[in-house]
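As structure tokens, the structure follows; a few thoughts come after it.
The values are calculated or read from the model by the stated rules, or taken from the named source; none is laboratory data. Keep in mind the model is a prediction, meaning the values are calculated, not measured. Don't worry about glycine lacking a Cβ; one is built from the backbone with ideal geometry, like all the others, and counts go over all protein chains shown. The accessibility values were calculated without ligands, DNA or RNA, using every heavy atom of the protein model including side chains. Shrake-Rupley method; radii C 1.70, N 1.55, O 1.52, S 1.80 Å.
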Amino acid sequence: MEWDAEIEELRRRQALARAMGGPEKLKRQADAGRMNVRARIAAVADSGSFREIGELSGFSTYGPDGELQSLLPANFLFGRAEVDGRPVVLTADDFTVRGGAADASLHRKLLEAERLAAEYRMPLIRMIEGTGGGGSVRTLEESGYTYIPEIPGWDAMVANMSAVPVVALGLGPVAGLGAGRMVMAHYSLLVEGLSQMFVAGPPVVAAAGEVRTKEELGGAHIHARNGAVDDRVASEAEAFDRLKRFLSYLPSSVDELPARQASRDQAGRREAWLNGAVPRDSRRLYPIRPIVEAIMDKGSWFEIGREWGLGAVTGLARLDGHAVAVIASNPEALGGLWTAATARKVERMVDLADTFHLPVVHLVDNPGFLIGRRAEDEATIRWGSRALAAIYQASVPWASVILRKAYGMAGSAHAPADRFRWRMAWPSGDWGSLPISGGLEAAYRSELEASDDPAAKLAEIRARLERVRSPFRTAEKFGVEAIIAPEDTRAELCQFAAMAQRALKPGRKGRGLRP
């Protein structure tokens, strides 16, 4: 055959590329307990579905006769694949080639991966394990010059955040540009014990006078608690499982709507224990997650950000098969008060829901913003106002269930007030601009000072106001649209989720500037 020699050369080069960093580097990767890049791709992609793009790219050396002597493959791999039958763009860093340093990746491959996802409307998966953006200082001597920093493809990464689902898995040490790529995602995670993330790694930090191990500087436990990533997991296998579950709730792009899945759960299922889930004593705390799980389709609850912004629980779930975003107050964390971190977490979930056309279900027990010096140090009002702005900028259908408290400015974040209020309350509902216990003495100071028995007068006033604060009084004035038995919540919200499909519209969202 005329082209046998060239085909043989193709096979030889493919074998060199698939050898990655070579046996010694692959053994070192395995000894560290981490999968190699091609094993990861095989674990995530449906069997036989991965089609690599740019497989032969890399850094070659040639002999005097012009024959190829060696080929070091680029350490950024990408291609088309299917995950659970859905087309995706799959990318992965190869740590066995120069530790994943970006100077070995051929930057255009990274950019082309982003473009492929954007133009063909496919979710983008990043498996990241790399040491930074510009490689080591050794590259300066090799190249013979230095340069003013820029990030090829950053504009494409920014644009994709408004167009397609982006998931980032940190599967080893991640620094510099790798860390930037991690957080430029709708969902990100690190593997406990295997993954760390930092702006600069321990050697660079040590040069600045701070000596830390990788775990001390940027372990998964640090970033799962500060919100730099959404979650931490125990293994790479768990990371791949969570990746697939996250994508299952979202459309492939903003030009589609989330798909409904068949549900074996009954839309009218009632859980009688919910009628006693909220204690009558408003000072008593209660767990919110069992309530969420009882209301949503069985087995569908997917929590995001469990370890940070603890005043709210956020995640994805299904109601009668329809995908929804869930925000739920967490009374077990400061009584559900919104801290700066909680507000940031709520804002992030609202943006995810609005971008990918997920109706929002908000379970509310919010006594307000955290107050005191900590609140001022953390600029709580700034981040709280941003969360409120996100809620008002959202255009997806929104249902609120007020379980207990809704007070003050943070309490007003239970729903956007400028749209139809799909709102209901449990009989335990308790709301207002201020809690009665917090403003009684100030509001009735003159009466109390004029009384012969201030304590008795205070008790009398409190009793009067306790009658006024009944949620039924609010319902009489149409201040709340419905009061329901807690056991009926699932049935009500399943009807909301079904009706919400009529209001959802595919396409990009336009948002204004936030404070």
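So with the 1.4 Å probe, I'd like the accessible area per residue for region 468-515, rounded to whole Å². Could you put the intermediate results ahead of the total?
Values: 2900 Å² over 48 residues.
With all protein chains present, region 468-515 gives 60 Å² per residue.
Rounded to the nearest 20 debye, the dipole size of the chain about its Cα centre is 1360 debye, using +1 on the Cβ of Lys and Arg and -1 on the Cβ of Asp and Glu. Just want to confirm a number: the relative contact order over the chain, from Cα pairs under 8 angstrom separated by 6+ residues, in percent. About 9 percent, as a whole number. Among the protein heavy atoms of region 148-267, carbon and sulfur supply 57% of the accessible surface, probe 1.4 Å, non-protein parts ignored. The stretch between Arg28 and Lys214 holds 65.2 nm of extra length on full extension. This uses 0.36 nm per residue minus the Cα-Cα distance. Charge dipole of region 310-372 (Cα centre as origin; +1 on each Lys and Arg Cβ, -1 on each Asp and Glu Cβ, all else neutral): 120 debye, rounded to the nearest 20.
Let me know the shape class of region 376-515, please: from the alpha-carbon gyration tensor, a ≥ b ≥ c as square roots of the eigenvalues, rounded when a/c is under 1.5, otherwise prolate if a/b is greater than b/c, or oblate. Oblate is the answer for region 376-515, as a/c is 1.5 or above yet b/c matches or exceeds a/b. May I ask you to give the percent of accessible area on region 1-119 that is carbon plus sulfur, with a probe radius of 1.4 Å? On region 1-119, the fraction of accessible area on carbon and sulfur atoms equals 54 percent.
Determine the shape class of region 464-515: with a ≥ b ≥ c the square roots of the Cα gyration tensor eigenvalues, call it rounded for a/c under 1.5, and otherwise prolate if a/b is greater than b/c, oblate otherwise. Oblate shape, in that a/c is at least 1.5 and b/c is the bigger or equal ratio.
A helix-only calculation puts the chain at -10500 deg cm²/dmol for mean residue ellipticity at 222 nm, using -39500 (n - 2.57) for each DSSP H run of at least four residues, averaged over all residues. Ligands, DNA and RNA excluded, the heavy atoms of Thr355 present near 10 Å² of accessible surface to a 1.4 Å solvent probe.
Looking at Phe78, Tyr392, Ser451, which one has the Cα that reaches farthest to the positive end of the dipole of the chain (charges on Cβ: Lys, Arg +1; Asp, Glu -1)? Comparing the listed Cα positions along the dipole, Ser451 ranks first. Axis of helix 489-500 versus longest Cα principal axis of the chain: the two differ by about 60°, to the nearest ten degrees. Compared with the dominant Cα axis of the chain, that is its longest principal axis, helix 340-355 is turned about 70°.
Among the protein heavy atoms, those of Glu215 account for about 50 Å² of accessible surface (1.4 Å probe, every chain in place). The heavy atoms of Tyr147 present about 130 square angstrom of accessible area, all protein chains included, probe 1.4 Å. So if the hydrodynamic radius of the chain is defined as the Kirkwood radius over C-alpha pairs, what does Stokes-Einstein give as its diffusion coefficient at 10 °C and 1.306 mPa s, in µm² per second? Calculated translational D: 62 µm²/s. Of the beta bridges in the chain, as assigned by DSSP with both residues counted there, near 40 percent are antiparallel. Evaluated over the chain, the count of Lys pairs having alpha-carbon atoms less than 27 Å apart is 17 (only pairs 8 or more residues apart or interchain). The distance between label points at Leu56 and Ala442 comes to 7.5 nm (points 7 Å beyond Cα on the Cα→Cβ vector). If you take all other residues with their beta carbon under 14 Å from the beta carbon of Asp265, and give Lys and Arg +1 and Asp and Glu -1, the sum is +3. Given in Å, the Rg to one decimal and the Dmax to the nearest whole number for the Cα atoms of region 151-245 are 13.7, 42. Classify region 1-160 as rounded, prolate or oblate, taking a ≥ b ≥ c as the square roots of the eigenvalues of its Cα gyration tensor: rounded when a/c is under 1.5, otherwise prolate if a/b is larger than b/c and oblate if not. Verdict is rounded for region 1-160.
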